[in-house]
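Presented below is the structure to which this report refers.
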Amino acid sequence: MTEQFPNSSGPPAQDPQVAAALDDLLANKAIWAPLDDNVEAAIMRNIAAEVHEAQLDTEPTFTKRDRRYLIPVGAVAGLFLMAGIAIALLFAGEDPTRVELAATELAPAASAVAEIEETASGLRVILEVEGLAPAEPGTYYQGWVRNDTDGVTIGTFHMRGGDADIKLWAGVNAEDYPIITVTLQEEGGGPQSSGVVVLKGRLDS
Amino acid sequence: MDQLLDRFRAGDPEAVRDVYQRYGGAVTTVARSIVGDPELAAEVVQQTFTKAWRAASSFDRNRDLAPWLYSIARRTAIDALRAESRPTRGGHGPEVDQPVTTLSFERTWEIFEVRQAVDDLPIEERVVVQLSHFGGLTHPEIAERLNIALGTVKSRSHRAHRRLAAALAHLLPANQDGLPDVLGGDPSS
């Protein structure tokens, strides 16, 4: 069976029966079911978990020859892991990390500070942007966290409301993606970065 | 909206949040209409938006997002209802899908549209309509509850009903001409 959507165009009615019909439509209690913030949070957690899982799935696999090196590499990695845990414990409970983003020559008047917080569902980034021109119609800005080989989007914004604090998010951790950039994108230009970087910063700088 | 669709199709999680803010109410209403139970409905809404995010890249941006989301929500709700209806739930026998009866595709789409029209109202008008239709309050009672003048309640109600009648005209009795007088007056005034 083909399911068809009823035609949603048509003139409004003029009839005393209209009020009663409208009353009938609005009498359904389900119409008034509240939007649940917990559901929104659960959706975002689900997505963060899947993003994280997908990133793990794309990590390189090792050949038999490579495995010879895995034990020493694993030992070194273990040391780094312990150091990482120690650092994490040292900084546990501290304020979010703040990173200054420098303007590129494409937006010399712009500046930004990124406040970065690691959460259970990924990175929460609040970008305080100043002096960045509103994106022209048909364009928008996009935030990214990157490493030397790839990047993950953390959200989009347009600055048409003036300087602002922009809340962004990514389901990755800051250690793997220590570079933050903002690019100017064209609508309909696809999901990849345009490469037109207007702001850039690094967590470990 | 175009930018939101681009972000959504790109898999941007923040775009899913925006889509939830825009359509979450309507999806919740469809879920509640089909499964009834609020907790199961919440699970359906959660699954709907997660599935939508997974399938976002296949969404045709030249089409309307609402019917696409609605179709996912309805299918997810019916699946949830079917899973809840399995007679061997918790037992050791084989699980057999049970046929489930629910509101028609057209009826739940109508409910989706009504909720969307309500959500599109300016907040001050939506509150008045909600208190009247869901809360069962008269205009004077709404005025007292909101601490605003009775005339303000009436004018907000008037505007809200005109907007709803226009948005939902295709669901209302055929008109002769012009906008309907759907106010009907306040029975208590």
Practice item. Filter the stretch B:31-85 down to residues that are within 12 Å of another protein chain (Cβ to nearest Cβ) and of a type in the set (K, R) and give me whichever is farthest from B:W109 (Cα to Cα). Key: B:R54
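Only one of these is at pLDDT below 95 and buried (at least 18 other Cβ atoms within 10 Å of the Cβ): B:H133, B:H92. Name it. Spell out the reasoning first.
Details: B:H92 fails: buried (at least 18 other Cβ atoms within 10 Å of the Cβ).
Within the list B:H133, B:H92, the selection yields B:H133.
Name the strands (runs of 3 or more DSSP E) wholly within the stretch A:94-205 that hold at least 1 residues that are modelled with pLDDT of 85 or more and surrounded by 19 or more Cβ atoms within 10 Å (Cβ to Cβ)? Working first, answer last.
Details: elements: A:97-103, A:111-119, A:122-130, A:139-146, A:151-157, A:164-170, A:179-186, A:197-202.
Here the list reads A:97-103, A:111-119, A:122-130, A:139-146, A:179-186, A:197-202.
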Review point. Within the set of pairs 6+ apart or on separate chains, which have a first residue in the stretch A:31-50 that is in contact (Cβ under 8 Å) with a residue 24 or more places away in the chain, a second that is of a type outside the set (S, T, N, Q), and C-beta atoms under 6 Å apart?
Key: A:I47/B:P13; A:I47/B:W53; A:A48/A:G122; A:A48/A:G171
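Could you say whether any residue in the stretch B:170-178 is exposed (fewer than 14 other Cβ atoms within 10 Å of the Cβ) and either modelled with pLDDT of 95 or more or aliphatic (A, V, I, L, M) (or both)? Give the steps one after another, and end with the answer.
Looking only at the stretch B:170-178, we keep the residues that are exposed (fewer than 14 other Cβ atoms within 10 Å of the Cβ), and these are B:174, B:176-178.
Subsequent filtering for residues that are either modelled with pLDDT of 95 or more or aliphatic (A, V, I, L, M) (or both) retains B:174.
Checked against the condition, which is being exposed (fewer than 14 other Cβ atoms within 10 Å of the Cβ) and either modelled with pLDDT of 95 or more or aliphatic (A, V, I, L, M) (or both), the stretch B:170-178 yields at least one hit.
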Check your understanding: Taking the stretch A:118-166, which residues are within 23 Å of A:E53 (Cβ to Cβ) and either hydroxyl-bearing (S, T, Y) or touching a Leu at 6+ places or on another chain (Cβ under 7 Å) (or both)?
Key -> A:T119, A:S121, A:V125, A:G143, A:V145, A:T149, A:T153, A:I154, A:G155
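The values are calculated or read from the model by the stated rules, or taken from the named source; none is laboratory data. Note that the coordinates shown come from a computational prediction; the quantities given were computed from them, not determined experimentally. Using ideal geometry, Cβ is built from the backbone for each residue, glycine included, and neighbour counts are taken over all protein chains shown.
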